[in-house]
1. Please enumerate, by chain and number, the lysines with C-alpha under 17 Å from the C-alpha of residue 57, excluding those fewer than 8 residues away in the same chain.
2. Can you give me the distance in nm between label points at residue 155 and residue 141, each placed 7 Å from the Cα along the Cα-to-Cβ direction?
3. What is the P(r) of the range 27-170, as percent of Cα-Cα pairs per 5 Å bin from 0?
4. How about the range 106-142: which trypsin sites (Lys or Arg not before Pro) there lie in a loop by DSSP and see at most 14 other Cβ atoms within 10 Å?
5. If packing is taken as the average count of other Cβ atoms within 10 Å, what order do 368-379, 320-331 fall into, highest mean first?
6. Can you give me the distance in nm between label points at residue 84 and residue 410, each placed 7 Å from the Cα along the Cα-to-Cβ direction?
7. On the first, second and third principal axes, largest extent first, how far apart are the outermost C-alpha atoms of the range 75-147 in Å?
8. Separation between the residue 95 and residue 162 pseudo-spin-labels, each 7 Å from Cα along Cα→Cβ, expressed in nm?
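Please treat every number below as a calculation from the coordinates, not as lab data. These numbers come from a predicted model, not from an experiment. Counting neighbours? That spans all protein chains shown, and the Cβs are built from the backbone with ideal geometry, glycine included.
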Amino acid sequence: MRTLSRTCVRAATVVKYRSGMSEPLDIEPRDLRSAIEFAVLVAEEANKGKRSLPFPKELRAQFGVARIPTGALGRLRRIIEADDTFRERIAAGAVPELVDPVGTLWLQRPTGWEADVRDLLAARAAEEDEADVRTALKRAEKRRVAAEQVAIRAQATIVEQAASIDVLRTELDGARSDLVKADDVVSELRSELVDVRNEARHARDREAALRARLDAIGRDGDASAASVEHAPLRRVPAVDIAELGDIAETARNLGERVEALIASALPESTETAVAPSADPHRHPIRLPGGVIATSREAADFLLRSDAAVLVDGYNVAKLGWPTDRLDEQRRRLLDGLENAVRRYGTDVTVVFDGSRVVGAHADRRRMVRVAYSPEGVTADDVIRDEVRRLAPSRAVVVVTNDAEIVTDVRARGANVVPSNALLAAL
């Protein structure tokens, strides 16, 4: 901005001069630096050689100075201009190698020198302006190139990030698809597990029924022989008993094969839920910290486990629906348990007292195994036998409020859930 201002001032001065307007020549001291430094150098040499060249004494202060300060140029200019004799004598020795054209004209002052000085200053200002413009253009070009490089790097980063996002989206979609497939597989396996467990239960039920018939046949034969001493002995033909034994053995083998199928089909979710131990006794399932064993939370947790759940049927049903008929109590309990099996895939067996209760076998449950105690046997005994029959590696949960059952099954490592806790979880 200062250079442009100087150019404007000089251009205005030239215009006034060429238009015939009288205006004193105004040369900035810095434009006369070469002439002023030449004058100081000549004075210094004259002083050293003791030559007869008088010079202004004020110039002595600049002797030996490598470069005259810009602030001192104006004062030295006025000193030189005040001594025309000294100026004219050194003007004769001004050569282009030491003094520039403006300084030479200022020292020699030929006719019309002011106009020539103005032209030279205007040309110099134009050159300086052009140099400033070129410098500014170069700086602007460098800034443009730098900005383009930054933009290119930013665009490359954006493209790279977009590609990464696409890859992550593809992986996420694949993971979601795999999760859906896994959910479908889990659902199918759970359904198959329930079917296989039901087959195993039915096989065990048929085995128990056959054994009960064999025991009944044996008791009837012994009673007949004791009561009728001279009567012919009533015995079941050996072939029939053997046939029933074969049927029982077949049912037992079928149950064992089904249990093995369960263990091999879902090893992580069934039998391996409770790690086998060298200890022949069963170990109860540990509840999470802060969960009370008699609470609903404990019932929820144990229903979600892979334990075999044995429910004391009437102990729960009569507590939950004491005013309903017996068959309605059974129905409501079994409905609730089937819903729990659907939610958790739980292995549930419900034991009711009395196989000869009217309507006892009317229910056909696909997801819950229903058992009735034989005549002369209580549901408590059936539950105890079931706990003893199950392998020690299989976790067992017994649902009852009967203190005697609680004591017995806990001694065999089973978890106990109060009936009211189960009702709250259904």
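1. Of all the lysines, those that pass the test against residue 57 - Cα under 17 Å, at least 8 places apart if same chain - are 48.
2. 2.2 nm
3. Going out from 0 Å in 5 Å bins, the range 27-170 shows 2, 8, 13, 14, 12, 8, 6, 5, 4, 4, 4, 4, 3, 3, 3, 3, 2, 1, 0, 0 percent.
4. Working: sites: 118, 124, 134, 138, 139, 142; in loops: none.
When the trypsin sites (Lys or Arg not before Pro) of the range 106-142 are filtered for loop state and at most 14 Cβ neighbours within 10 Å, nothing remains.
5. Details: 368-379: 18.1, 320-331: 14.8.
Most protected by this proxy first, the peptides run 368-379, 320-331.
6. With each label placed 7 Å out from Cα toward Cβ, I get 13.5 nm.
7. Cα spread of the range 75-147 along its principal axes, largest to smallest: 61, 24, 23 Å.
8. The modelled label-to-label distance comes out at 7.1 nm.
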